[in-house]
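These notes are about the structure you will find just below.
The values are calculated or read from the model by the stated rules, or taken from the named source; none is laboratory data. Everything numeric here is computed off the predicted structure, so don't read it as measured data. Reconstructed Cβ throughout: ideal geometry from the backbone, glycine too, with neighbour counts over all protein chains shown.
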Amino acid sequence: MAILNLLFATRNVPGIENIDVAEAHGIYKGVRKAVTMERQAVIDEIKASGLRGRGGAGFPTWIKWNGLPKNYTAPHYVICNADEGEPGTYKDRELMLKQAHTLVEGMIIAGYATYSKVGYIYIRGEYVEPAWQVRKAIDQAYKAGYLGKNILGVDGFDFDLHIHMGAGSYECGEESALMSSLMGERGNPRLKFPHAPLPTVEGVWKSPTLINNVETYCAAGWIIANGSENYAKLGTERSKGTKIISVSGHIRRPANYEVEMGTPLLDLITEAGGVIGGGLKAVVPGGSSVQIVPADRLGPINLDYESCGANGTLLGSGGFMVFNDRTDIVLLMKRTSEFYAHESCGKCTPCREGTRWLFKILDRITSGGGRDGDIELLLNVCSNIDGRSYCGLGDAAAWPIVGAIKAFRPEFEYWIKYKKSPVGASALPPSPEVVNPLLLQAAAAHG
Amino acid sequence: MSTSTSSNSESLREPAPAPVPETRFSAQAHAELDEIAGHYPERKAACLPALWIAQREYGGSLTSAAIQETANALGLSYAEVEGVATFYTMYNTVPRGRHHLEVCTCLSCAVNGAYDIVHKLEHELGIGIGETTPDGEFTLSEAECLDFCGAATIMQVGDKYFGNLTTENIMGLIDELRASESYTPAKLADSIVKILQPGSSITGGGSYTPESLELPAGPML
Ligand SMILES: Cc1cc2nc3c(=O)[nH]c(=O)nc-3n(C[C@H](O)[C@H](O)[C@H](O)COP(=O)(O)O)c2cc1C
Ligand code: SF4
Ligand code: FES
């Protein structure tokens, strides 16, 4: 099993949140090294490492870093997306709680490479405890001379780092909505490339802006400190290095597992202690926005971008949710659609209306009011959201429903025909009446 | 759902009455806002931090007077600030109890018994979702994924997460919360404002000491 703790190397070191301990364990080595390099050489290292964005989309990191103007003529901004909101994902939380100095280091390096003088860490409002660790790390980094003016004695290398707290909105994780929120507005997204310039050209306050995820910055720092070749030799051809996978659901040892890219998916389930409360039914490998995969199709999947993509799902943010055979997939999708309906920002019609439709239909089906044609209706609504929405949230609301219907259509049909859960009727001790459709086989969880 | 005398529905809001001017921002609050606004190239960007300050200064909820005072402090219109305040779920545009119980019922929590916990709380506290106990101690809400799914079921209360909740241990926690005197409805906002201020981890800043922000319960820590 390829557990490989690069970013998490020091997560269990006592006192690692204090800068002296962090430095003794090699954190900030990357900054010291970076400032001896040409700025372009730092970007070239990131390029050679093959690092791709860990926030969900997997965009090559170096292309963003390379996209900002290479001078200090106008202000540039470096933003960290720490709005972690994707259901199933909790890696950024642990990185900030335990490795806040690693994040700060990565952002300082990004600031250096992109000629930026100011950085913001946009942390979701609920993450008070992680944010507090980030505050401590920033305060200590200022004292130690890693932040502020003429950092490490390098003339003209100034970098300030601020924390911006969100206030409860999944949509603010979408990068253009995050920028709106950072500028003091509602979390509505903005026009995107090719209809508007890229953030690296015109981002916050119409200035060149770099946005990356927490894990991406942490990895960038590791790469500079340890060399791109040591990162690029890990993983697969197009997915290099490691990925932190947050494992949850019906699993014995839920935790964040940092694995080498390309690790077989089923190995991770074994590493995490196996399924509890029943046999394995399905896995959602990359957060609630990606397609659910039934157990019998998990075998060929490896945890990397290519393999997940080739098998009808996505690696996404690494929110790995395991479901046992007592899970009702239709109820699960009802709850998923409820999430998107709640989080839709309301800016565009397909998503604002469509997500509510999906929830209403699924709620009706799972309340015993299913009708013939409901499955087609769901697919129809999905196809009117997917690709027609203003931002990725709409697509993300449609994909899981389409995926679940593809993989578990008989369960939808059963609900519509018999007005009750197929789970109770098949694998389980008989439970003919669904007492409360909200109860997602809760009792089965702790087997 | 059980009934309750206090019904502060989250989705239905009365149109805000014209705010009665109030000035509750202390001198310290204005100083904090000026410091934080200096982090951004435009003062308007401090709207979210300013609302956190207002939520603290107004004892945990954003009344129309609080929104007006925030708007004045930023040089923005009332409508602009209200639009922001109502977009985000963590700004309390309606008053809540001393402890806001936000039980995550999203996917991983749902399959680990979150709804059982919600039902237990409804039953034991005698309130439904969105309602507050008559003594003002507890408001019950369902939360979307709080992103600590590995320790499901998760509940956020003010500035803290509690993990690994079950129907067996939830009422013990409720008793602890009832007994804890340091909690106020303004605690969450207070902690956040503290985090926004440079140096607060060294000076202790604000009205809370760094130690008062303990790490959450949970198996992964
Ligand atoms: C609805 C929606 C929510 C998102 N939420 C997050 C998030 O919580 N954290 C994150 O890093 N990226 C999130 N993203 C992806 C960001 O838009 C963006 O791609 C990412 O921050 C870029 O960083 P990276 O290149 O390092 O991955 C979200 C995207 C969408 C469409
Ligand atoms: S897709 Fe949804 S979240 Fe995105 S802009 Fe449209 S309504 Fe808002
Ligand atoms: S599902 Fe409850 S914390 Fe994620």
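Might you check whether a residue that is away from chain B (no Cβ under 14 Å) and either more than 16 Å from ligand 2 (Cβ to nearest atom) or closer than 23 Å to A:Glu260 by Cβ (or both) occurs anywhere in segment A:83-96? The answer is no; no qualifying residue exists. Being crowded, with 24+ Cβ neighbours inside 10 Å and over 20 Å from A:Val423 (Cα atoms) is the filter; apply it to segment A:344-366 and report the residue that is farthest from ligand 2 (Cβ to nearest atom). Within segment A:344-366, the match that is farthest from ligand 2 (Cβ to nearest atom) is A:Leu358.
Determine whether B:Glu82 is within 12 Å of chain A (Cβ to nearest Cβ) and out of contact with any strand residue (DSSP E or B) (no Cβ under 9 Å at 6 or more places or on another chain). Yes; evaluated as a whole, the condition is true for this residue.
Residues that are farther than 20 Å from A:Ile163 by Cβ and either among the aliphatic types (A, V, I, L, M) or within 13 Å of the chain's Cα centre (by Cα) (or both) occur in segment A:67-84; there is at least one.
Taken across segment A:400-415, residues that are surrounded by fewer than 20 Cβ atoms within 10 Å (Cβ to Cβ) and within 16 Å of ligand 1 (Cβ to nearest atom) do not occur at all. If I ask for residues that are assigned to a loop (DSSP other than H, G, I, E, B), of a type in the set (Gly, Ala, Ser) and within 14 Å of ligand 1 (Cβ to nearest atom), which ones from segment A:168-221 would you list? Of everything in segment A:168-221, those that are assigned to a loop (DSSP other than H, G, I, E, B), of a type in the set (Gly, Ala, Ser) and within 14 Å of ligand 1 (Cβ to nearest atom) turn out to be A:Gly168, A:Ser169, A:Gly187, A:Gly203. If only residues of segment A:174-196 that are at the interface with chain B (Cβ under 10 Å from one of its Cβ atoms) and crowded, with 24+ Cβ neighbours inside 10 Å are counted, the one that is farthest from A:Leu393 (Cα to Cα) is A:Gly184. Residue count for segment B:72-117 under the criterion of being within 18 Å of the chain's Cα centre (by Cα), away from ligand 2 (no atom under 16 Å from the Cβ) and polar (S, T, N, Q): the result is 3. Among the residues of segment A:70-90, not a single one is part of a helix (DSSP H, G or I) and not β-branched (Val, Ile, Thr).
Residue-level check: of (1) in contact with an Asp or Glu (Cβ under 6 Å, 6 or more places away or on another chain); (2) in the same structural domain as B:Ile53 (by TED's automatic domain parsing), B:Tyr91 misses just (1). Could you list, in sequence order, all residues of segment A:206-215 that are surrounded by fewer than 24 Cβ atoms within 10 Å (Cβ to Cβ) and either under 18 Å from A:Ile27 (Cβ atoms) or not hydroxyl-bearing (Ser, Thr, Tyr) (or both)? Residues satisfying the conditions are A:Lys206, A:Pro208. Return yes or no: is A:Ser337 near ligand 2 (Cβ under 9 Å from one of its atoms) and either within 13 Å of chain B (Cβ to nearest Cβ) or surrounded by fewer than 15 Cβ atoms within 10 Å (Cβ to Cβ) (or both)? It is false that A:Ser337 is near ligand 2 (Cβ under 9 Å from one of its atoms) and either within 13 Å of chain B (Cβ to nearest Cβ) or surrounded by fewer than 15 Cβ atoms within 10 Å (Cβ to Cβ) (or both).
Would you confirm whether any residue within segment A:91-103 is more than 17 Å from A:Leu210 (Cβ to Cβ), part of a loop (DSSP other than H, G, I, E, B) and more than 13 Å from ligand 1 (Cβ to nearest atom)? Checked segment A:91-103: no residue is more than 17 Å from A:Leu210 (Cβ to Cβ), part of a loop (DSSP other than H, G, I, E, B) and more than 13 Å from ligand 1 (Cβ to nearest atom). So, of the residues in segment B:165-192 that are part of a loop (DSSP other than H, G, I, E, B) and β-branched (Val, Ile, Thr), which turns out to be farthest from the other protein chains (Cβ to nearest Cβ)? Filtering first and then ranking leaves B:Thr184.
One residue alone among A:Gly56, A:Gly88, A:Gly67 is among the small types (Gly, Ala, Ser), buried (at least 24 other Cβ atoms within 10 Å of the Cβ) and at pLDDT 95 or above, and that residue is A:Gly88.
So that you can scan it fast, the table gives a plain yes or no per residue for (1) β-branched (Val, Ile, Thr); (2) under 16 Å from the mean Cα position of the chain (by Cα); (3) under 25 Å from A:Gly279 (Cβ atoms):
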{"residue": "A:Ser307", "(1), (2), (3)": "no, no, yes"}
{"residue": "A:Val322", "(1), (2), (3)": "yes, no, yes"}
{"residue": "A:Leu332", "(1), (2), (3)": "no, no, yes"}
{"residue": "A:Glu338", "(1), (2), (3)": "no, no, no"}
{"residue": "A:Ile361", "(1), (2), (3)": "yes, no, no"}
